[in-house]
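Before any comments, here is the structure.
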Amino acid sequence: MPVLSRLASFGRNLFARPRVERDLDDELHACLDELTDEKRRGGMSAPDALRAAGIDFGGMEQVKEEVRQVRSGRMLEEFLQDLRHGARTLLKNPAFAVVAVLALALGIGANTAMFSVAYGILLRPLPYADADRLAVVYMRYFPRDFAFGTMCMRDYLMWKDNNHAFQNPSLFQSLRMDIGGHEGVPEQVQGAKVTAGFFSTLGVPALIGRTLAADEDRPTAASLALLSESIWRRRFGASSAVLGQTILVNGSPATVIGVMPTALRFPRRDTEVWTNLTLVPPTRYGPWFYRGVARLNPGVAMQQAQSELNHIGLRMMQQNPFYKRLTLAVLGLRDAVLGVTLKPAILVLAGAVGLVLLIAVVNVANLMLARATVREREMALRLSLGASRGRLVRQLLTESVLLGLMGGAAGLALAWGGIELIRVWNPGDLPLIDSVRLDGAALAFMVFLSMLTGILFGLAPARESARAELNATIKEGGRSAAASRARRRVRSALVVAEIAVSLMLLVGAGLLLRSFVKLQGVSGGFTVAPERILTILISPGNRKYNDTTAGLAFYQEVLRHARSVPGVEAAALTDSLPPDRQGDADTFAIEGQTLSPGDIDPIISDVTADPEFFHALGIPLLKGRSFSSHDTQDAAPVAIVSEGFVRRFLNNQQPIGKRIRQSGPGFGNNWLEIVGVVGNVKYLGLTVDTDPAYYMPFAQNYGARMFLVVRSSGDATRLAPALRREIQSIDPGITLAQVSTMQQALQVSVSQPRFDTMLLALFAGIALLLAAVGIYGLIAYSVAQRTHEIGVRMALGADRAAVVRMVVRQGATLAAIGIVLGLAGAFGLTRLLRTMLFGIDVTDPWTFLSAPAAILIVVLLATFLPALRSTRISPVVALRYE
Amino acid sequence: MPATNLLQGTLDLLILKALALTEMHGLAISHRIAQMTGGTFQVKPGSLFPALHRMEEAGWLSAAWGESENNRRARFYRLTAAGRRQLKSETEQWETIALAIASALQAS
């Protein structure tokens, strides 16, 4: 069989090369001998016959080479030859190889890591059936101005009645749930209440047991619970006996009907319990707790669904005059899970890391060009020995691709470390971080990138080398002046590009860094040091504490026990905490102020706090009095407002004695008299500018779930175990959750800006390092090349300072050009950062001045070392240098 | 006598034809071709051996070491079944072309 025979010879040519070669040699020599014999039989003398046969036969080596050319596997063989040659060349010059591989490893590694992050978060298919068709529906209206806000049950029913775009719209609410029961210590977990269609909409079947049946969101349905795989393993020992068992959810019994696989991470990444939301027919509007999730009907596009929802929104507004400017917003499931800030940040970071790779490539190209000069003679020699130029280019490209792959392999290790680092930096904050991993896609990306970079930085030097002028090169002893001048210009241009690109990255990192420092400098509105404040969320569990009298008595006990713990300076209660753990927000009205037509009641934070709260956190009392133990249930209702409240809603008039009330639907005519003014506190996050708030006394506005706030004399974390013990000694059924210091809470609230800033700063740092290596290499090389010239200059009387000036000027010129180009680029590109900045403008002058200064310093340092070395050149040695 | 430049296809056909009756070593093939063509085709080793190796890899020829008529070790080539089929089809092809060209040249 021809195919088999070809395969066999292919294998022989590759793996039994010595035997194949020996056979060829034997065969050809036998032929030559045979020919010689014939000549002798024809009557020639022995030497004549030998000579004639040789002439007839032709060159032995040429014939062999001709035969080798037709062998199968020739291309592969040449490729392996190039590879061996390339590896040998790299080994011969380990310094070059190490620097190049390191530069590439940094570039490719950072890119592979970032690719994994971007792919995992933005592209990897979500683990739900046909996830592109899933959408989340939000409601936005004034006065409650949340872009991705919630709706109430009445709104849902209206949506469902008028819906054509979606299959079976479902409703969900994310909330904290206290889970207790026979199985162990009560704990608080992330939970969700969902309607019956929720699981079938997402298309996730239960791991064991079942999901909700179609009628299990009716008003009369029993309370049911589904567990995540994680809580099932943690609390129930992964036993299937859990099915049918009754657990306590927020103090009420619910029957476990199923366990959901880890793949289900909705509505939140850490949701561990789902209970059935029962659709009790609403008698009024509110509460606004819910968002919708639904699957698009076949053939319906997201835009069509949006326009249908626009119509439904208009009808909702007509039916309820409380709603102003209402819109129903629909987002694809991925966008809903990611939120609005992460995607642009990841795209910016991916762009930045691409620039880092660009710098690495430029750097290695520069090294290759420098080496090309050294290898000029090798190339010329090979050309003159008959190698074709195409063959030389192929060989040099094989070498650079080999280098690229070595860099990629080293980069893979870096990428792996980088991804682990990102996980550590982001304990649970980045959504979809679980789908970030180094996998086949990342590996393919890395290999592709390595080969691409290998070709990129190899092509120009390879073509240049193969174009070498044979005569000039060999005659001039390896120094063709014109070629090397052209090459120096190319190398200078590359270094200028490096400086420009790293400046752009540095400016971007500088902006984020400045913004982050500003963010860290924002006061939460309290004066006590954040590491001295410990907060614990208390859920009493037992429903008897829902009663105000029992509850108040319980919390008096909690405070008494807490204050007895050594190291506790103050203990207080609140339902809201800075920086972003606000409790409620609602509309309110001020007595005597009537709204102009079309205007609406504002919504602001309303906080329930006990008398000690302001003192414990160090929130300054500016006017009037704080709450006191006399503000009881039976006393006249009072309120305290913030400074921002007075400025924004009272026109800075005297606030004490004015009356306000909560004005949303369902609130009565319960006027509260303002008795004091306190400083502003950031309940909506550090980045929210004005945050007016009003406070109501705990005794007059009781709620069962409260934060205990403790001020410690030292490090507050040490108090946690003692406090836990004390509080649970009151009632072991109490759930304690979110135990953290204010310091930790502040850290978590800025974790995404911190993530963005650290990554971009890291990338800019790598870029700067690479650029410094690049310019150092260029200058050092040019000094080495100009040794002769410098020697002459010094022999003719130039002093050391003049020589240093000359070398440094070369570097400074390149830096100046690079900085001008880089600043222009930065002005254009930093606009992309606008949404990521806080407190500074994208053209922040401080950044735009200090980043170029930093670059200039680094460049001058990188230039100065070779410049100094040049002054140590002795004229005598230099002139003999040839 | 000047040797005519051989077209590659012609060389293959001539080698196949030379080996049609018996196995031969390289030099003998070269002599046989010269003899068959009345000396018109003188195949040099530089063309002969690459062709032989190429045809061997294609599976038309097989080779084995043997003894030459002068008691020297030599590599003998012989046609395989595939080689015979190749000879047949190349012969037919050649005859078609030769006929066509002959009639083209005879046309007035």
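If you take the residues of the stretch A:589-648 that are modelled with pLDDT under 90 and among the β-branched types (Val, Ile, Thr), which of them is surrounded by the fewest Cβ atoms within 10 Å (Cβ to Cβ)?
A:594
How many residues, within the stretch A:246-261, are surrounded by fewer than 20 Cβ atoms within 10 Å (Cβ to Cβ) and part of a strand (DSSP E or B)?
Result for the stretch A:246-261: 4.
Restricting to the stretch A:376-389, give me the number of residues that are surrounded by fewer than 19 Cβ atoms within 10 Å (Cβ to Cβ) and touching a residue at least 24 places away in the same chain (Cβ under 8 Å).
4
Please work out if residue A:128 is at pLDDT below 90 and under 30 Å from residue A:420 (Cβ atoms).
On the way: at pLDDT below 90: yes; under 30 Å from residue A:420 (Cβ atoms): yes.
The answer is yes for residue A:128.
Being surrounded by 13 or more Cβ atoms within 10 Å (Cβ to Cβ) and acidic (Asp, Glu) is the filter here; which residues of the stretch B:87-100 pass it? Outline the logic, then answer.
Kept after step one, since they are surrounded by 13 or more Cβ atoms within 10 Å (Cβ to Cβ), are these residues of the stretch B:87-100: B:87, B:90-91, B:94.
Selection gives B:90 alone.
Hey, can you tell me all the residues within the stretch A:1-16 that are touching a residue at least 12 places away in the same chain (Cβ under 8 Å) and either away from chain B (no Cβ under 11 Å) or not in a helix (DSSP H, G or I) (or both)? Explain how you work it out, then say what you get.
Initial filter on the stretch A:1-16 (touching a residue at least 12 places away in the same chain (Cβ under 8 Å)): A:6, A:9-10, A:13-14.
Selection gives A:14 alone.
For the stretch A:330-344, give me the residue count where each residue is farther than 19 Å from residue A:271 by Cβ and buried (at least 18 other Cβ atoms within 10 Å of the Cβ).
Of the residues in the stretch A:330-344, 1 are farther than 19 Å from residue A:271 by Cβ and buried (at least 18 other Cβ atoms within 10 Å of the Cβ).
Please enumerate the residues belonging to the stretch A:625-677 that are of a type outside the set (A, V, I, L, M), in a loop (DSSP other than H, G, I, E, B), over 30 Å from residue A:141 (Cβ atoms) and touching a residue at least 40 places away in the same chain (Cβ under 8 Å).
A:625, A:626, A:627, A:631, A:632, A:633
When residue A:338 is evaluated against the numbered criteria (1) assigned by TED's automatic domain parsing to the domain that holds residue A:171; (2) closer than 15 Å to residue A:118 by Cβ, which criterion, by number, is the only one it fails?
All conditions are met except number (1).
For the stretch A:267-318, give me the residue count where each residue is more than 32 Å from the chain's Cα centre (by Cα) and part of a helix (DSSP H, G or I). Spell out the reasoning first.
Let us first name the residues in the stretch A:267-318 that are more than 32 Å from the chain's Cα centre (by Cα), namely A:275-288, A:297-300, A:304, A:307-318.
Keeping just the survivors that are part of a helix (DSSP H, G or I) gives A:304, A:307-318.
Of the residues in the stretch A:267-318, 13 are more than 32 Å from the chain's Cα centre (by Cα) and part of a helix (DSSP H, G or I).
Just checking, does the stretch A:164-171 include any residue being surrounded by fewer than 20 Cβ atoms within 10 Å (Cβ to Cβ) and either in a loop (DSSP other than H, G, I, E, B) or of a type in the set (Asp, Glu) (or both)?
Checked the stretch A:164-171: at least one residue is surrounded by fewer than 20 Cβ atoms within 10 Å (Cβ to Cβ) and either in a loop (DSSP other than H, G, I, E, B) or of a type in the set (Asp, Glu) (or both).
Check residue A:77 against each of (1) in contact with a Gly (Cβ under 9 Å, 6 or more places away or on another chain); (2) within 14 Å of chain B (Cβ to nearest Cβ); (3) under 20 Å from residue A:402 (Cβ atoms) and name the one condition it does not meet.
Unmet for residue A:77, out of (1) in contact with a Gly (Cβ under 9 Å, 6 or more places away or on another chain); (2) within 14 Å of chain B (Cβ to nearest Cβ); (3) under 20 Å from residue A:402 (Cβ atoms): (1).
Given the condition polar (S, T, N, Q), modelled with pLDDT under 90 and more than 16 Å from residue A:186 (Cα to Cα), answer yes or no: does some residue in the stretch A:728-735 qualify?
no
Within the stretch A:526-547, does at least one residue satisfy the condition of being part of a helix (DSSP H, G or I), farther than 20 Å from residue A:762 by Cβ and hydroxyl-bearing (Ser, Thr, Tyr)?
For the stretch A:526-547, residues part of a helix (DSSP H, G or I), farther than 20 Å from residue A:762 by Cβ and hydroxyl-bearing (Ser, Thr, Tyr): present.
From the list A:145, A:132, A:155, which residue is surrounded by fewer than 18 Cβ atoms within 10 Å (Cβ to Cβ), charged (D, E, K, R) and assigned to a helix (DSSP H, G or I)? So that I can check it myself, show each step before the final result.
On the way: A:145 fails: assigned to a helix (DSSP H, G or I); A:155 fails: surrounded by fewer than 18 Cβ atoms within 10 Å (Cβ to Cβ).
Result: A:132 is the single residue among A:145, A:132, A:155 that is surrounded by fewer than 18 Cβ atoms within 10 Å (Cβ to Cβ), charged (D, E, K, R) and assigned to a helix (DSSP H, G or I).
Can you name the residue in the stretch B:82-108 that is among the aliphatic types (A, V, I, L, M) and within 16 Å of the chain's Cα centre (by Cα) and is also farthest from the other protein chains (Cβ to nearest Cβ) among such residues?
To start, the set of residues in the stretch B:82-108 that are among the aliphatic types (A, V, I, L, M) comprises B:82, B:87, B:97-102, B:104-105, B:107.
Those left that are additionally within 16 Å of the chain's Cα centre (by Cα): B:82, B:87.
Numbers: B:82: 6, B:87: 14 Å.
Looking at the filtered set, the residue picked out is B:87.
Among residues belonging to the stretch B:24-40 that are out of contact with any Ser or Thr (no Cβ under 9 Å at 6 or more places or on another chain) and not in a helix (DSSP H, G or I), point out the one that is nearest to the other protein chains (Cβ to nearest Cβ).
This residue is B:24.
Looking for whichever is in contact (Cβ under 8 Å) with a residue 12 or more places away in the chain and not acidic (Asp, Glu) here; the options are A:95, A:105. Which one fits? I'd like the intermediate steps shown before the answer.
On the way: A:95 fails: in contact (Cβ under 8 Å) with a residue 12 or more places away in the chain.
Every option except A:105 fails the conditions.
In the list B:78, B:72, B:84, B:32, which residue meets the criterion of being buried (at least 19 other Cβ atoms within 10 Å of the Cβ) and of a type in the set (Lys, Arg)?
It is B:32.
Just give me the residues in the stretch A:212-245 being surrounded by fewer than 20 Cβ atoms within 10 Å (Cβ to Cβ), among the small types (Gly, Ala, Ser) and within 16 Å of residue A:276 (Cβ to Cβ), in sequence order.
A:213, A:214, A:221, A:222, A:223, A:244
Being at pLDDT below 90 and of a type outside the set (Asp, Glu) narrows it down to one of B:78, B:32, B:73, so name that one. Working first, answer last.
Values: B:78 fails: at pLDDT below 90; B:32 fails: at pLDDT below 90.
The conditions single out B:73.
Take the stretch B:41-72 and flag every residue that is in contact with a Phe, Trp or Tyr (Cβ under 6 Å, 6 or more places away or on another chain) and at the interface with chain A (Cβ under 7 Å from one of its Cβ atoms).
Across the stretch B:41-72, the qualifying residue is only B:45.
Evaluate the following for residue B:75: is it within 8 Å of chain A (Cβ to nearest Cβ), assigned to a strand (DSSP E or B) and not small (Gly, Ala, Ser)? Reasoning before the result, please.
Numbers: within 8 Å of chain A (Cβ to nearest Cβ): yes; assigned to a strand (DSSP E or B): yes; not small (Gly, Ala, Ser): yes.
Answer is yes for this residue.
Condition test on residue A:264, is it surrounded by 14 or more Cβ atoms within 10 Å (Cβ to Cβ), within 34 Å of the chain's Cα centre (by Cα), more than 19 Å from residue A:171 (Cβ to Cβ) and hydrophobic (A, V, I, L, M, F, W, C)?
Details: surrounded by 14 or more Cβ atoms within 10 Å (Cβ to Cβ): yes; within 34 Å of the chain's Cα centre (by Cα): yes; more than 19 Å from residue A:171 (Cβ to Cβ): no; hydrophobic (A, V, I, L, M, F, W, C): yes.
Judged against the criteria, residue A:264 is not a match.
Can you find, within the stretch A:21-52, the residue that is surrounded by the most Cβ atoms within 10 Å (Cβ to Cβ) among those that are at the interface with chain B (Cβ under 10 Å from one of its Cβ atoms) and of a type outside the set (D, E, K, R)?
Going through the stretch A:21-52, the residues at the interface with chain B (Cβ under 10 Å from one of its Cβ atoms) turn out to be A:23-24, A:26-35, A:37-38, A:41.
Narrowing the set further to residues that are of a type outside the set (D, E, K, R) leaves A:24, A:28-32, A:35.
On the way: A:24: 18, A:28: 20, A:29: 14, A:30: 19, A:31: 25, A:32: 20, A:35: 21.
Going through the qualifying residues, I end up with A:31.
Kindly indicate whether residue A:71 is facing another protein chain (nearest Cβ under 9 Å), basic (Lys, Arg) and surrounded by 13 or more Cβ atoms within 10 Å (Cβ to Cβ).
Details: facing another protein chain (nearest Cβ under 9 Å): yes; basic (Lys, Arg): yes; surrounded by 13 or more Cβ atoms within 10 Å (Cβ to Cβ): yes.
Spelling it out, residue A:71 is indeed facing another protein chain (nearest Cβ under 9 Å), basic (Lys, Arg) and surrounded by 13 or more Cβ atoms within 10 Å (Cβ to Cβ).
The values are calculated or read from the model by the stated rules, or taken from the named source; none is laboratory data. This structure is a prediction, so every number in the text was calculated from the model and none was measured. As a convention, Cβ positions derive from the backbone with ideal geometry for all residues, glycine included, and neighbour counts pool all protein chains shown.
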